[in-house]
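Inspection log for the structure reproduced underneath, given as structure tokens.
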Amino acid sequence: MVPGPGPFLLSPPDPRRARALAEQLGLRPLTAQLLLNRGIRTEQEARRFLDPRLSDLRPPEGPQPMAGFSVAVERLRRAILDRETIGVFGDYDVDGVTTCALLADFLNRAGATVQARVARRGDGYGFGKADAHDLAEAGCSVIITGDCGTSDHETLALCRLLGVDVIIVDHHQVPDRPPEALALLNPHQPGCAFPFKGLASVGVAFYLCAALRTRLRAAGWPHLPDLRDLLDLVAVGTIADLAPLTAENRVLVHAGLKELYRGRRPGLRMLGDLAGVTDGVSSATDVAFRIAPRLNAPGRLGDAHEALLLLIETDHHKAKALAETCHELNMRRQEVQEGVLKEAREQVEELLREGVPEVLVVAGQGWHPGVVGIVAAKLVETYGLPSVVIALDGELGRGSARTAHGFHLFQGLRQAAPLLLRYGGHAAAAGLSILAKNVAALRQSLCASYRQQLGNQPPVRALPVDAMVSLEEVDERLAQEVQLLEPFGVGNPEPTLLVRDAEVTRHRVVGSGHLQVTLRKGGQLRDGIGFGLGAKGQELEAGARVQVAFVPELDTFRGGRRLRLRVRELVPAASSTSSRPSAASVAASRPR
């Protein structure tokens, strides 16, 4: 990336290579440049990227196997053949719930006897002793944990005493003390040869089911579920957990979105209807902003069991009732979230008056622990800084963290471990428990870790941009070619383009603070919408010259089809690049 005009970082263009790749693929050079920006260099790489296929997936027990798979698959094969009861336990977030649902769905279809449970937020993180007792009393001789269990050493010891084998399916960073389980399935563990480390827990679970199906078929087992039926759950869990949409994940999510669009899982179809996805869930954006929040809501405010039931329910009437419950809980979650977000922003403003910290750490008494993760993500979105939000209940705090600028959160928390009661997660997101008296020290420790990881330069608040273009280049064909790069998410961001010195011919604020704008340059007119950018409209005048960063897309609202610029940033044409976010500049960027 190189500094560009205004608060943007421009990817360096490579016109010669872009033209050559465009000719090979039959695409525009601009679209080929977008591929180059994503590390796609050859025609073969590009064709695999643009047309992901399940046959591209590496086998989990192939030349570079996942550690623990052979033991786990053999134990589950034996449990199914011997008619043992298998327990499945998932964390309360979307990755945990979809992991639990996927395993329960597959095992049920394979003819196994299954007991499925999910964690309750009020009981704390992970796989607890009460959960182990519950599943053991239900007759389970083997338990699979999903998206949790790695750090639950006391519970694992209890399971050994109870004679229950535990298989851990996880994707978080493995702590220094490895879990004493029958098998740990986690690409991050030392000694795991599987090349791709970015799978969410639901992706690891999918691989486990694929390998188990192969073993069952070799044993002549008559019940062999179709793995494609599980891909919708893989897509939802992977997107919701902010796993990178590259390599294996790109293949799995691409195929999973097709399954979602078919709508064969009643609960997800009903949830999509309530979320306003009238033509079927078909994009990562639909999942991230419409499905995942509603699926997350039960676990955030109470009991994630409602979400689990929604995913495995086959009766349409029951699925509709469960979807309505999730939808209503999400509306309640939004109300709670707004209150916490308001107070968190007030604390950030106070921090910014003292200078610009590398990492934001805020805490509040009475904040609901179920919304701190969302609030942390909102702070990252607004201020462009890694953020930790902690809900305090007396002297005890439970928090969530989200990253920015490539700051590795888990490494930062590992260095702050003496200040924490408990922590876990990965590079982009993490959770923690802490005493209230240690919050200020945690802020200092994380800021020091940021400087150690990324240098002493303060974080640059600038929007990455793929290319500078003219309005004439932005047409329906370009929007169609941009769609070929989906699904978008972590590791494959939406292509953002920049137009310099465009004239604002008209603008107005619509809905709940969105900016509708028409731009003109070189005789071309284009309409755009900036969601949440209504405050900028108050500063605009007719004829103003601006720089606009946007995503070109086809708007299909109400059955229509027209080109639209989804504006991500709009600044005066004379705006200069910021090398660092001063307190004033960061404060000026927040919503009014």
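The values are calculated or read from the model by the stated rules, or taken from the named source; none is laboratory data. These figures come from a predicted structure and were not determined experimentally. Note: ideal-geometry Cβ built from the backbone for every residue, glycine included; neighbour counts use all protein chains shown.
Values computed for the structure shown
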read-out: Meets criteria (surrounded by fewer than 16 Cβ atoms within 10 Å (Cβ to Cβ) and in contact with a Leu (Cβ under 8 Å, 6 or more places away or on another chain)) for Glu43; value: yes
read-out: Unmet criterion (only one of (1) among the hydrophobic types (A, V, I, L, M, F, W, C); (2) in a helix (DSSP H, G or I); (3) buried (at least 24 other Cβ atoms within 10 Å of the Cβ)) for Ala243; value: (2)
read-out: Close pairs (9 angstrom Cβ cut-off, 6 or more residues apart or separate chains): in the same structural domain as Arg568 (by TED's automatic domain parsing) and surrounded by fewer than 21 Cβ atoms within 10 Å (Cβ to Cβ) in segment 366-394, outside any helix (DSSP H, G or I) and among the small types (Gly, Ala, Ser) anywhere; value: none
read-out: Residue list for segment 162-185, filter: among the aliphatic types (A, V, I, L, M) and either more than 29 Å from the chain's Cα centre (by Cα) or assigned to a loop (DSSP other than H, G, I, E, B) (or both); value: Leu162, Val164, Val174, Ala181, Leu182
read-out: Qualifying residue in segment 465-487 (condition: touching a Pro at 6+ places or on another chain (Cβ under 7 Å), at pLDDT below 95 and either part of a strand (DSSP E or B) or under 30 Å from Leu413 (Cα atoms) (or both)); value: no
read-out: Tally of residues being in contact (Cβ under 8 Å) with a residue 12 or more places away in the chain, part of a helix (DSSP H, G or I) and either closer than 17 Å to Ala183 by Cα or among the β-branched types (Val, Ile, Thr) (or both) across segment 39-76; value: 7
read-out: Matching option when the condition is among the small types (Gly, Ala, Ser) and in contact with a Leu (Cβ under 6 Å, 6 or more places away or on another chain), among Ala22, Ala32; value: Ala32
read-out: Residue within segment 286-309 that is in a helix (DSSP H, G or I), out of contact with any helix residue (DSSP H, G or I) (no Cβ under 9 Å at 6 or more places or on another chain) and more than 24 Å from Ser449 (Cβ to Cβ) present; value: yes
read-out: Only listed residue being over 20 Å from the mean Cα position of the chain (by Cα) and not acidic (Asp, Glu), chosen from Arg294, Arg269, Arg333; value: Arg269
read-out: Single residue of Ala79, Ala101 found to be farther than 26 Å from Ala307 by Cα, assigned to a helix (DSSP H, G or I) and either touching a residue at least 40 places away in the same chain (Cβ under 8 Å) or in contact with an Asp or Glu (Cβ under 7 Å, 6 or more places away or on another chain) (or both); value: Ala79
read-out: Segment 84-94, subset over 19 Å from Leu162 (Cα atoms) and in contact with a strand residue (DSSP E or B) (Cβ under 8 Å, 6 or more places away or on another chain), residue surrounded by the most Cβ atoms within 10 Å (Cβ to Cβ); value: Gly90
read-out: All positions within segment 405-426 that are of a type in the set (Gly, Ala, Ser), surrounded by 20 or more Cβ atoms within 10 Å (Cβ to Cβ) and part of a loop (DSSP other than H, G, I, E, B); value: Ala416
read-out: So Ala502, is it of a type in the set (A, V, I, L, M) and under 22 Å from Ile390 (Cα atoms); value: no
read-out: Failed criterion for Ala18 (all others in (1) buried (at least 21 other Cβ atoms within 10 Å of the Cβ); (2) closer than 30 Å to Thr150 by Cα; (3) small (Gly, Ala, Ser) hold); value: (2)
read-out: Given (1) surrounded by fewer than 21 Cβ atoms within 10 Å (Cβ to Cβ); (2) acidic (Asp, Glu); (3) farther than 21 Å from Pro369 by Cα, number of the condition Asp105 does not satisfy; value: (1)
read-out: The lone exception for Leu497 - which of (1) more than 29 Å from Leu257 (Cβ to Cβ); (2) not assigned by TED's automatic domain parsing to the domain that holds Val372 it fails; value: (1)
read-out: Index of the failed condition, Leu442 passing every other in (1) modelled with pLDDT of 95 or more; (2) in contact with a helix residue (DSSP H, G or I) (Cβ under 6 Å, 6 or more places away or on another chain); (3) farther than 17 Å from Val372 by Cβ; value: (3)
read-out: Filter pass, Val336 being in contact with a Gly (Cβ under 9 Å, 6 or more places away or on another chain), outside the structural domain of Cys447 (by TED's automatic domain parsing) and buried (at least 22 other Cβ atoms within 10 Å of the Cβ); value: no
read-out: Residues within segment 149-161 that are farther than 17 Å from Ile86 by Cβ and either within 28 Å of the chain's Cα centre (by Cα) or surrounded by fewer than 21 Cβ atoms within 10 Å (Cβ to Cβ) (or both), tallied; value: 9
read-out: Residues of segment 495-554 classified as part of a loop (DSSP other than H, G, I, E, B) and either farther than 19 Å from Ala462 by Cα or of a type in the set (D, E, K, R) (or both), total; value: 12
read-out: Residue within segment 155-166 that is free of Cβ contacts under 8 Å to residues at least 40 places away in the same chain and within 21 Å of Gly412 (Cβ to Cβ) present; value: no
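Yes/no per residue for (1) basic (Lys, Arg); (2) assigned by TED's automatic domain parsing to the domain that holds Ala319; (3) under 14 Å from the mean Cα position of the chain (by Cα); (4) not in a loop (DSSP other than H, G, I, E, B):
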{"site": "Gly198", "(1), (2), (3), (4)": "no, yes, yes, no"}
{"site": "Gly220", "(1), (2), (3), (4)": "no, yes, no, no"}
{"site": "Ala255", "(1), (2), (3), (4)": "no, yes, no, yes"}
{"site": "Asp279", "(1), (2), (3), (4)": "no, yes, no, no"}
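For (1) in contact with a strand residue (DSSP E or B) (Cβ under 6 Å, 6 or more places away or on another chain); (2) closer than 30 Å to Arg422 by Cβ; (3) not assigned by TED's automatic domain parsing to the domain that holds Leu158, each residue gets a yes or a no:
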| site | (1), (2), (3) |
| --- | --- |
| Glu43 | no, no, yes |
| Ala67 | no, yes, no |
| Arg78 | no, no, no |
| Ala130 | no, yes, no |
